[in-house]
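Structure, as structure tokens:
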Amino acid sequence: MPVTSLASLVPLATSDTNVKPPTGFFGAMADAATWFIGLFQAGGVNFMGLVTGIVPLLVVLLTAINALIRLIGPERIDKVGEMAARPGLQWYPVRYLVLPFLSVFFLTNPMCYTMGRFLPEKYKPAFYDSAVSFVHPITGIFPHANAGELFVYLGIAGGITTLGLNTSDLAVRYLLVGLVVILLRGIVTEIITNTMLSRRSAQQQQTQQTEEATA
């Protein structure tokens, strides 16, 4: 009796090697796992883009700005803050345009708000409003000023980049509009602050007169 070879006992593989994707519960789990891993893969790709693109730029910009501050001298920048504290309409552009720009540019976010120490109390809310409104418009040209929130400008520029257009024009317009906005916000906030301070002073005087009358 001939010996049957072991190879003849193994069934031949079918020519159709395609495997259908899972369906139902296991299919949903597989899709969820693919989406979950893909989310982190996309984050990794974005992170590598930042490491090779914007991070070296920020390092160079921060180094250059620190060197520029050393050359100019911090005391000269402080003098601008002292000038901005002067009363009068002619000092509005200095207080709510020049000072916020220099503060955000040189001191960056959040140290830029410390320049308000040169201003009287009645001007500090308006200066803060101007400075905090400028930490995003400046990032288009000077990303070092607010590197932690650069994603705001990058999200805006994403559509321009997708269309294959130059983002430099957007950055310039973003900056110019921001300068106009911070000037208007500073003036309006100063008016609101003065109004509220006047009302508080009037209420305090009225209360004091009432207490003196009842005494």
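The values are calculated or read from the model by the stated rules, or taken from the named source; none is laboratory data. Everything numeric here is computed off the predicted structure, so don't read it as measured data. Here the Cβ is made from the backbone with ideal geometry for all residues, glycine too, and neighbour counts use every protein chain on show. Surface accessibility is based on the protein's heavy atoms, side chains included, excluding ligands, DNA and RNA. Shrake-Rupley method; radii C 1.70, N 1.55, O 1.52, S 1.80 Å.
In the stretch 175-184, the condition of being under 17 Å from A84 (Cα atoms), modelled with pLDDT under 90 and open to solvent by less than 70 Å² (accessible area, probe 1.4 Å) is met by no residue. The residue of the stretch 118-141 that is nearest to T108 (Cα to Cα), among those that are in a loop (DSSP other than H, G, I, E, B) and in contact with a Leu (Cβ under 7 Å, 6 or more places away or on another chain), is I141. The helices (runs of 4 or more DSSP H) found entirely in the stretch 1-105 that carry 3 or more residues being at pLDDT below 80, in contact with a helix residue (DSSP H, G or I) (Cβ under 8 Å, 6 or more places away or on another chain) and at negative phi are 54-72, 74-84.
Among the candidates L170, L165, the residue that is surrounded by 14 or more Cβ atoms within 10 Å (Cβ to Cβ) and more than 24 Å from R117 (Cβ to Cβ) is uniquely L170. In the set A202, A171, only one residue is of a type outside the set (V, I, T) and more than 30 Å from T63 (Cβ to Cβ); that residue is A202. Scanning the stretch 117-141 for residues that are surrounded by fewer than 23 Cβ atoms within 10 Å (Cβ to Cβ) and within 16 Å of I77 (Cβ to Cβ) gives R117, F118, L119.
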